[in-house]
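Asks: What follows is a single structure, and I will ask about it in a moment.
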Amino acid sequence: MQLAEPRITPVEPEQWPEDVKELLLSIRELIGYDMNLFSTLARHPKLYKRFAVFGNHVRMKSSLRSRDRELLILRTCWLSDCAYDFTHHITVGRALGIEGEQIERIKQGPDADGWTEFDAALLRSADELHADGFISDATWATLAERYSTEQLMDVVFCVGQYVLVSMAVKSFGVQLEDWAHDHEVARSLPPR
């Protein structure tokens, strides 16, 4: 379900609450524009400040390699039918070399031809967590061949973070920014 209008409108930059203004400005500086998600979260500054700390860990300080993290995020956003985050993370993924055929395979899932055993297990972990809230023994064992305990924990929290973000985006009716409406990825997104 993608709402055509926001249920909770983003706060306009000139009205950003003082206690999250610096955080919102730092994101603008980092990516070059204001994200509707974060401007929407600014409606609840206390929640947003705490959420940002955890989100920063998942996105920037996780023990996972950047490419692995983005594979998990993209698969989770796809499974969650979250066009907003899928579009944004396609852009991040492309910067890490994830594009074209790989994007299509992410949509198809871990059993699509072309994945390494490890990448398939990574995607499967997102599928299993999304469906059952649990990574199977076989998937865990494959990931544990390469991952430390911290990395295994970060897999679970990465998927969980993006299930949560997808629920918020869809329930709040967060809309794609103007630049993203014409993005070729946005045109090919859910419903699927």
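Asks: Kindly check whether there is at least one residue in region 33-53 that is within 18 Å of the chain's Cα centre (by Cα), loosely packed, with under 13 Cβ neighbours inside 10 Å and within 25 Å of residue 159 (Cα to Cα).
Replies: Yes: one or more hits.
Asks: Quickly run through region 2-26 and pick out the residues that are at pLDDT 95 or above, surrounded by fewer than 17 Cβ atoms within 10 Å (Cβ to Cβ) and of a type in the set (A, V, I, L, M, F, W, C).
Replies: 8, 25
Asks: Now for a different question. Can you tell me which of (1) modelled with pLDDT under 95; (2) within 30 Å of residue 14 (Cβ to Cβ); (3) surrounded by 13 or more Cβ atoms within 10 Å (Cβ to Cβ) is the one residue 60 doesn't meet?
Replies: (3)
Asks: Mind listing just one residue for me: the one in region 137-147 that is more than 22 Å from the chain's Cα centre (by Cα) and outside any helix (DSSP H, G or I) and, of those, surrounded by the most Cβ atoms within 10 Å (Cβ to Cβ)?
Replies: 146
Asks: If you don't mind, another one. Restricting attention to region 122-160, report how many residues are of a type in the set (Val, Ile, Thr) and either in contact with a Gly (Cβ under 7 Å, 6 or more places away or on another chain) or in contact (Cβ under 8 Å) with a residue 24 or more places away in the chain (or both).
Replies: The qualifying residues number 4.
Asks: Do we find that residue 68 is within 20 Å of residue 130 (Cβ to Cβ), in a loop (DSSP other than H, G, I, E, B) and at pLDDT 95 or above in this structure? Give the steps one after another, and end with the answer.
Replies: Working: within 20 Å of residue 130 (Cβ to Cβ): yes; in a loop (DSSP other than H, G, I, E, B): no; at pLDDT 95 or above: yes.
Here the answer is no, as residue 68 does not meet what is asked.
The values are calculated or read from the model by the stated rules, or taken from the named source; none is laboratory data. This is a predicted model, so every value here is computed, not measured. Note that we place each Cβ from the backbone using ideal geometry, even for glycine, and neighbour counts take in every protein chain shown.
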